[in-house]
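Structure, as structure tokens:
The values are calculated or read from the model by the stated rules, or taken from the named source; none is laboratory data. Owing to the predicted nature of the structure, the values given are computational and were not obtained by experimental measurement. We place every Cβ from the backbone using ideal geometry, glycine too, and count neighbours over all the protein chains shown. Just the protein is used for accessible areas: all its heavy atoms, side chains included, with ligands, DNA and RNA removed. Shrake-Rupley method; radii C 1.70, N 1.55, O 1.52, S 1.80 Å.
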Amino acid sequence: MFDHRSLLRKYLLRIGMLFVELFSCLNGSLFADESIEFERHVRPILEQNCYGCHAKGEKSGNIALDEFDGDVKQSQVLWHKVLHQLRSKSMPPLGEEGPTEEQRTLAMSWIKSEVFRHDSKRPDPGIVTVRRLNRIEYRNSIRDLLGVDYDTNSNFPSDDTGYGFDNIADVLTISPLLLEKYISAAKEIVSKAVPVVSGVAPHRTLPGGKFSKEIIADLLNNPDATTVPKDEPVGNRFGRPTQGPPKEDPAKLTMSYKVPSIGKLTTNVLIAGKYKVIVNMVAAEQYVDNVFDYNRCKMVFRFDDELLVEREFVRQGNESMSMHFDMDLQAGDHDLVFEVTPLTPEQAQVRYLRVIVENVKLVGPIGDAHLVPPPNYDRYFPRPVPRSSSERRAYAAELLRQFATNAYRRPVEDEAVERLVSLAESVYGTGKETFESGVSQAMTAILASPRFLFREEATIRDSDGTHPWLDDYSIACRLSYFLWSTMPDQELFQLAARGELRENLDKQVDRMINDPRSSAFFQNFVGQWLQSREVETVSIDAFAVARRESEARPVSDPEADRKRARRFELRNKTESELTDAEKLEKAELDKLANFRPGGFGRPFGPAFDDKIKRAMRAETEMLFQHILKNNLPLTQLIDANYTFLNEDLAKFYDIPKLETIQGNEMRLVSLPEGSLRGGILTQGTFLAVTSNPNRTSPVKRGLFILENVLGSPVSAPPPNIPSLEDAAVKKDGKKQSLRETLAIHRENAVCSSCHNKMDPLGLAFENFNAIGRFREKEFGEAVDVAGTLSSGETFARVADLKKALVTNHQQEIYYCMADKMMTYALGRGLDFRDNYALDEIVQRIEQSGGKARALLDGVVHSTQFLKRRNADDVADTSGSK
């Protein structure tokens, strides 16, 4: 039988090979219409604007436009870079005349149509590798499937990242060790959630917060005491005060080692019988670096008149304890009493040692006559367990089919259900285990299955032979993990079951983005794209940063630098770790240390602490959320006249009119006219994560903007490049400023091409220090932020730069946002095959007036999101078809 399809494939492959030959001999013979168009229209543009640096022996940026080795894929990658440079107008360098708009459009059209071979009637959705659930997706899926909050951060290794995200399929591998952890996790999760018996003894939980607490003076060792000690803050060994007593949890009973107190609760027992009394508590402390607390106390617990606990407590490192007691209780009221008596009233309170009673549980009365269904029993076993084996098997099949369908996120086959039922039957069929135990064993197998751990996708083949549509269950999964980082809910499942999801796509996106679960999208997409997740763990020496703004530029003194480093080294040792010689050396260095008036450790403005870092992260994520949910212009992400603040962050930023910003709640705040704040680039998140531990980094800031705002990444730096500090040339005995050092750095031809793009962007933000606070001087000299972009725009301050970006670089910003969101949604990096999809999304954004929903809707409606490459084409990655 004549194979037309095979002949067509060979024909197209031959065309692709001839196209390769064209690139390998641009100065030689011509071929057909493609080469004529290149020779007549494209090559003159390249000769006029590009060949001076990228041809005839010149390979600036390691790109030569007249050299090819015959590899189509390599050629496409190269022309993808060229397309990007043309689109972003970042070439030629500043000062050289570039192509006209008409020439740019012509060259880009030639690259897309002839090099990438884009077929508008049969767009290529690209290859998507099957994706494993990352730690966040696994945790959320388990929560929604079983109601268990499993700590994946502690139990699983960190996920690798690719293209800036941790949900990229190609890096989400599974090792034998991780597979073992998944099996262990499945056992633990099912054991917590699924009952294995039909009846348990009744139990009641008495929260610690229900106990009434009183301060009792006569519990002191001294019966004549008339005053009661209080939790007073004390200094640590560096003279800095601790944070004071930690805030008490109202749901628990907190009793300080230092304060004599008593906690009482009266509870009623309805039925007399045997009971188990369980006390859950923690011996807690507030950690203070290298400082110990020698306080002791005695704790007593009485149940009515029976003494159950009498124990002395010392510092015990937040040890959790669970104490069990068997008791015969009568019906009626019973008194529970905790007492804490200080044993060392003379000791200083440093770590705020305290006993925290979380709860007391009463289990009983114990006996078959009093059994009740365990918690959540009806959720997993909605009907009584049948007696006959055939009915039990049918019931097990019903339960496991529903659970597997939810876990696998699509209907499960009869054969798979039969295997699961056989597994359950092998457990309960022996007569030694309960029916519930057998079903839970099968549920464990489901959670350890690749069909749960990986996101399986299926397609519906089109009759015309184009790339097939994903089925509705696959689209439901893509939507839910994109916008919620978890499995689909019942509404998505029901639409998929009826085959109605694709026609209701817009309504579902509206519903999902306004659902509280969409917070996962803003935390995980925005948190990684704009790196707001990193601000909570960024390490910056705020004191060193502040000193740069309070002192003149230091004169280089190697001996002083050595002594300063040695002093810090000794300071980080405890007294017991120091030798006698080191103690003398430390005392001498302390005398020589030249700190500003007020002593070492004097604060410079509000502290850069965990509360501020959390508020900074929230500010960034809430800004994007506000813009998307209200369908505002995307450019407001760069330049807005408002932001989100709470009282602490407003003080940290020195925002005026603080009386209107009170409390811990983050809220929308209009910025004063002329404020330099507004937009992600003047938020503490960006400013801190792009800084070094002790100073700003214009290079990191400029690189961040190029990669995450303008979508114009630069090449990796060559090896053995010294740090800016090491490269700094000393002048008049003083170290150079960062601006001066970077200017010297750019004199190196190897560095100049990238730094000419990065440095002006980064230096524009030098009015903001490494922790995001505004400053006008560094080392006693005014900060210079003026500059000129590689595209030619000049600016005098950061407000001018932001205006230039949103006015002259809108399209680059749109392309960058589309690229980032598409990468996150698909779980793969984009390549030249995806350019047509990015073009369509950006066109949709521009037609909407730059509105944010056009970006989200463009991604969700793209061929890449709704289709998969035809199975027959998976092996073809040349792009010649």
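The table below gives the values:
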| quantity | calculated |
| --- | --- |
| Residues that are among the acidic types (Asp, Glu), surrounded by 14 or more Cβ atoms within 10 Å (Cβ to Cβ) and within 37 Å of the chain's Cα centre (by Cα), drawn from region 99-151 | ASP124, GLU137, ASP144 |
| Count - residues of region 82-111 that are modelled with pLDDT of 75 or more and of a type in the set (Lys, Arg) | 2 |
| Long-range neighbours under 6 Å by Cβ, at least six apart or interchain, first residue under 16 Å from ARG773 (Cβ atoms) within region 683-706, second modelled with pLDDT of 90 or more and of a type in the set (Phe, Trp, Tyr) | LEU687/PHE768; THR690/PHE704; ARG701/PHE765 |
| Counted residues, region 434-450 - those being surrounded by 16 or more Cβ atoms within 10 Å (Cβ to Cβ) and over 16 Å from LEU399 (Cα atoms) | 2 |
| Conditions (1) on the phi > 0 side of the Ramachandran plot; (2) open to solvent by 20 Å² or more (accessible area, probe 1.4 Å); (3) within 29 Å of the chain's Cα centre (by Cα): number failed by ARG844 | (1) |
| TYR428 vs. criteria under 20 Å from GLU137 (Cβ atoms), of a type in the set (Phe, Trp, Tyr) and open to solvent by 10 Å² or more (accessible area, probe 1.4 Å) | no |
| Scope region 254-271; condition out of contact with any helix residue (DSSP H, G or I) (no Cβ under 6 Å at 6 or more places or on another chain) and open to solvent by less than 50 Å² (accessible area, probe 1.4 Å); matching residues | THR254, MET255, SER256, TYR257, LYS258, VAL259, SER261, ILE262, GLY263, THR267, VAL269 |
| Matching residues in region 468-520 - criterion: being of a type outside the set (D, E, K, R) and over 25 Å from THR129 (Cβ atoms) | GLN490, GLN494, LEU495, ALA497, GLY499, ASN504, GLN508, ILE513, ASN514, PRO516, SER518, SER519 |
| Options PHE774, PHE765: the member that is open to solvent by less than 10 Å² (accessible area, probe 1.4 Å), under 30 Å from LYS613 (Cβ atoms) and of a type outside the set (A, V, I, L, M) | PHE765 |
| Residue check for VAL130: modelled with pLDDT of 70 or more and more than 29 Å from GLY792 (Cβ to Cβ) | yes |
| VAL412 being in contact with a Ser or Thr (Cβ under 7 Å, 6 or more places away or on another chain), open to solvent by less than 20 Å² (accessible area, probe 1.4 Å) and in a loop (DSSP other than H, G, I, E, B) | yes |
| Output for region 530-540, where each listed residue is open to solvent by 10 Å² or more (accessible area, probe 1.4 Å) and closer than 18 Å to LEU483 by Cβ | ARG533 |
| Odd one out for THR405, checked against (1) within 20 Å of ILE446 (Cβ to Cβ); (2) assigned to a loop (DSSP other than H, G, I, E, B); (3) without any contact (Cβ under 8 Å) to a residue 12 or more places away in the chain; (4) open to solvent by less than 60 Å² (accessible area, probe 1.4 Å) | (2) |
| Restricting region 343-398 to residues that are β-branched (Val, Ile, Thr), in contact with a Lys or Arg (Cβ under 8 Å, 6 or more places away or on another chain) and not in a loop (DSSP other than H, G, I, E, B), the residue that is surrounded by the most Cβ atoms within 10 Å (Cβ to Cβ) | VAL357 |
| Any hit, region 298-314, residues being under 42 Å from the mean Cα position of the chain (by Cα) and farther than 30 Å from ASP368 by Cβ | yes |
| Test: LEU671 is among the aliphatic types (A, V, I, L, M), closer than 20 Å to LEU634 by Cα and open to solvent by less than 30 Å² (accessible area, probe 1.4 Å) | yes |
| Sole exception among (1) in contact with a His (Cβ under 8 Å, 6 or more places away or on another chain); (2) open to solvent by 30 Å² or more (accessible area, probe 1.4 Å) for LYS820, by number | (1) |
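Every residue, every condition in (1) closer than 30 Å to MET758 by Cβ; (2) open to solvent by 20 Å² or more (accessible area, probe 1.4 Å); (3) of a type in the set (Phe, Trp, Tyr), yes or no:
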site	(1), (2), (3)
ILE627	yes, no, no
ASN630	no, yes, no
LEU634	yes, no, no
GLU665	no, yes, no
ASN694	yes, yes, no
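Each row is one residue, and each column tells you yes or no for (1) at pLDDT 95 or above; (2) closer than 18 Å to TYR408 by Cβ; (3) assigned to a helix (DSSP H, G or I); (4) open to solvent by less than 70 Å² (accessible area, probe 1.4 Å).
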residue: HIS467; (1), (2), (3), (4): no, no, no, yes
residue: SER474; (1), (2), (3), (4): yes, yes, yes, yes
residue: LEU492; (1), (2), (3), (4): yes, yes, yes, yes
residue: GLU503; (1), (2), (3), (4): no, no, yes, no
residue: GLN508; (1), (2), (3), (4): yes, no, yes, yes
residue: ARG511; (1), (2), (3), (4): yes, no, yes, yes
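Results for (1) out of contact with any Phe, Trp or Tyr (no Cβ under 9 Å at 6 or more places or on another chain); (2) surrounded by 15 or more Cβ atoms within 10 Å (Cβ to Cβ); (3) without any contact (Cβ under 8 Å) to a residue 40 or more places away in the chain, shown as yes or no for each residue.
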site: PRO157; (1), (2), (3): yes, no, yes
site: TYR163; (1), (2), (3): no, yes, no
site: LEU177; (1), (2), (3): yes, no, yes
site: GLU180; (1), (2), (3): yes, no, yes
site: ALA185; (1), (2), (3): no, yes, no
site: PRO207; (1), (2), (3): yes, yes, no
site: PHE211; (1), (2), (3): no, yes, no
